[in-house]
1. For the chain, take the longest principal axis of its alpha carbons; what is the angle in degrees between that and the long axis of helix 2-20, to the nearest 10 within 0 to 90?
2. How large is the accessible surface per residue of the chain, computed with a 1.4 Å probe and reported in Å² as a whole number?
3. For Asp80 and Met154, calculate 0.36 nm times their separation in residues minus their Cα-Cα distance, and state this gained length in nm to one decimal.
4. Counting only helical runs of four or more DSSP H residues, what would the 222 nm mean residue ellipticity of the chain come to if each run contributes -39,500 (n - 2.57) and the total is spread over all its residues?
5. Give me the distance between the Cα centres of segment 135-184 and segment 56-111, rounded to whole Å.
6. Counting pairs of alpha carbon atoms under 8 Å apart in space and at least six apart in sequence, what relative contact order in percent does segment 99-151 give?
7. How large is the dipole of the chain about the Cα centre if only Lys and Arg carry +1 and Asp and Glu carry -1, each at its Cβ, rounded to the nearest 20 debye?
8. Do any trypsin sites (Lys or Arg not before Pro) in segment 110-160 lie in a DSSP loop with no more than 13 other beta carbon atoms within 10 Å, and if so, which?
Amino acid sequence: MGSKLLVLFVFVMLFALSSAIPNKRKPYKPCKNLVFYFHDILYNGKNAANATSAIVAAPEGVSLTKLAPQSHFGNIIVFDDPITLSHSLSSKQVGRAQGFYIYDTKNTYTSWLSFTFVLNSTHHQGTITFAGADPIVAKTRDISVTGGTGDFFMHRGIATITTDAFEGEAYFRLGVYIKFFECW
């Protein structure tokens, strides 16, 4: 009986001490970093040959060739945008960004993104999937990297997005800085 109490006492003391010592976790270090740019050209009714995105849903009474007034609230846009390794739209494409964004706030420019990078180049083969809120007016914003296939099988991490170029409602370029924290 006495030895059982002693073991229990030691266990309780170790538990108490371990919870009293502050947890000094090492900061996570990415296992892989990548940088891509994707270029979005919104269909406006006159640019079908060059458009890479289109409004597929809008508030009642709003055209599908022009974004809703105010903060574009209620617009849903699908896209199939070229991905490049440099800022230039005319540079070599390494894949496509395919997905949608929803303008989801009435009083400011913000959207919710869900898209996949489909990469097919000599450097990268496979997909990377992203999802998250995009407060567009912020200089940088983070969204989740939720998985991937091919070279990115079971990868997860964070993508920091910046609006690299913006030409009204017709064109924008996003810089996507990916940090993978889980790599298989």
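The values are calculated or read from the model by the stated rules, or taken from the named source; none is laboratory data. If you're wondering where the values come from, they're calculated on a predicted model, not measured in any experiment. Methodologically, a virtual Cβ is constructed for each residue, glycine included, from the backbone with ideal geometry; neighbour enumeration extends over all protein chains shown. Surface accessibility is based on the protein's heavy atoms, side chains included, excluding ligands, DNA and RNA. Shrake-Rupley method; radii C 1.70, N 1.55, O 1.52, S 1.80 Å.
1. Once rounded, one gets 30 degrees.
2. Numbers: 11170 Å² over 184 residues.
Value for the chain: 61 Å² per residue.
3. Details: separation 74, 0.36 × 74 = 26.64 nm, distance 2.32 nm.
Result: 24.3 nm gained on full extension.
4. Working: 1 runs with 19 residues, N = 184.
Using -39500 (n - 2.57) per qualifying helix, the result is -3500 deg cm²/dmol.
5. With segment 135-184 and segment 56-111 each reduced to a Cα centre, they are spaced 15 Å.
6. On the way: 102 pairs, mean separation 15.7, N = 53.
About 30 percent, as a whole number.
7. Working: 16 positive and 12 negative charges, 175 e Å.
Charge dipole, the chain, about its Cα centre: 840 debye, nearest 20.
8. On the way: sites: Lys139, Arg141, Arg156; in loops: Lys139.
Here the trypsin sites (Lys or Arg not before Pro) that fit, given the DSSP loop and packing criteria, are Lys139.
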